[in-house]
Amino acid sequence: MTATEPVAEPWGPTPDGLDGPYWDGLRVDELRLQRCNECSTWIWGPQAICGHCHSFDLGWETVEPSGTVYSWNRSWYPYMDEYADRLPYVTVLVELPHADGRRVLGILADDIETNPEIGDRVVGVFEHSEGAPWPLLRWRRAATAEGEKG
């Protein structure tokens, strides 16, 4: 690889394209999750079939990127070489009330020195890094994110 070639990020749509609408949503600052058109069950991660009613009639819906911390973990190990200089980091499992409590994982992007608490309100923020082909969804404590708006 030469110095002028872009570095491929270790994230983005899977080769089978099943999660493509999720990534397309991030590009326009939307969190999109699958939902069964037959039984209305929310689905995450993306599937080819509804695990509840076994329908293949699945769609994608935009969900408000806000919820509560269900669980969390602080990591000191760089699972991706690209993040070796960002240690430690906090991963949160966020429960989304606007998707019947479906839970999604993500990185906490605010003060990681202060431990999150189960039940903390968080909001999603969309991170568009220069040169990266795909944005990322990060989570901030609701009070931190609201303070940045004002």
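The values are calculated or read from the model by the stated rules, or taken from the named source; none is laboratory data. Predicted model only: the values in this text are computed from it and were never measured. All Cβ positions, even for glycine, are placed from backbone atoms using ideal geometry, and neighbour counts span all protein chains on display. We work out accessible area using only protein heavy atoms, side chains counted, and drop any ligands, DNA or RNA first. Shrake-Rupley method; radii C 1.70, N 1.55, O 1.52, S 1.80 Å.
Could you put Asp81, Asp29 in order of accessible surface area, largest first, with the 1.4 Å probe and the full protein assembly present?
These residues rank, largest area first, as Asp81, Asp29.
Which FRET efficiency value, to the nearest 0.05, do you get for Ala48 and Asp85 by plugging their Cβ-Cβ distance into 1/(1 + (r/R0)^6) with R0 = 41 Å?
That pair, Ala48 with Asp85, gives E of 0.65.
For the stretch 12-18, in order, what is each residue's ³J(HN,Hα) by Karplus, 6.51 cos²θ - 1.76 cosθ + 1.60 with θ = phi - 60°, in whole Hz (x at glycine and Pro)?
x, x, 6, x, 7, x, 4
Amide H to amide H under 5 Å from Ser55: which residues, 5+ apart in sequence or cross-chain, H placed 1.01 Å off N in plane?
Cys50
Quick one: which residues, 5+ away or cross-chain, put their amide H under 5 Å from the amide H of Thr68? H built at 1.01 Å from N.
Here Glu95, Val122 satisfy the definition.
Quick one: what are the phi-derived ³J(HN,Hα) couplings along the stretch 122-136, Karplus 6.51/-1.76/1.60 with θ = phi - 60°, whole Hz, x for glycine and proline?
Once θ is set to phi - 60°, the couplings for the stretch 122-136 become 9, 10, x, 10, 9, 9, 10, 7, 4, x, 7, x, 10, x, 10 Hz.
Which residue fluctuates most in the GNM of the chain (Cα springs below 10 Å): Trp76, Trp60, Trp42?
Trp76
Given a 1.4 angstrom probe, what's the average accessible area per residue across the chain, in square angstrom?
Normalised by residue count, the accessible surface of the chain is 60 Å².
Using 5 Å bins from zero, what percent of all Cα-Cα pairs in the stretch 75-124 falls into each bin?
Values per bin, smallest distances first: 5, 17, 28, 21, 15, 10, 4, 0.
Once you list every other residue whose beta carbon is under 14 Å from the beta carbon of Ser55, what net charge do they have if Lys and Arg are +1 and Asp and Glu are -1?
The answer is -1.
Over every pair of different alpha-carbon atoms in the chain, take the mean of 1/r and invert it; report that Kirkwood radius in Å.
16.8
What's the magnitude of the charge dipole for the chain around its Cα centre, counting Lys and Arg as +1 and Asp and Glu as -1 at the beta-carbon? Answer in Debye, nearest 20.
Here the chain has a charge dipole of around 340 debye.
Which percent of the accessible area of the chain is formed by carbon and sulfur heavy atoms (probe 1.4 angstrom)?
50
By how many nm would the segment from Asp100 to Asn115 grow when fully extended, if each residue of separation counts as 0.36 nm and the alpha-carbon distance is taken off?
Contour length minus Cα-Cα distance gives 2.8 nm.
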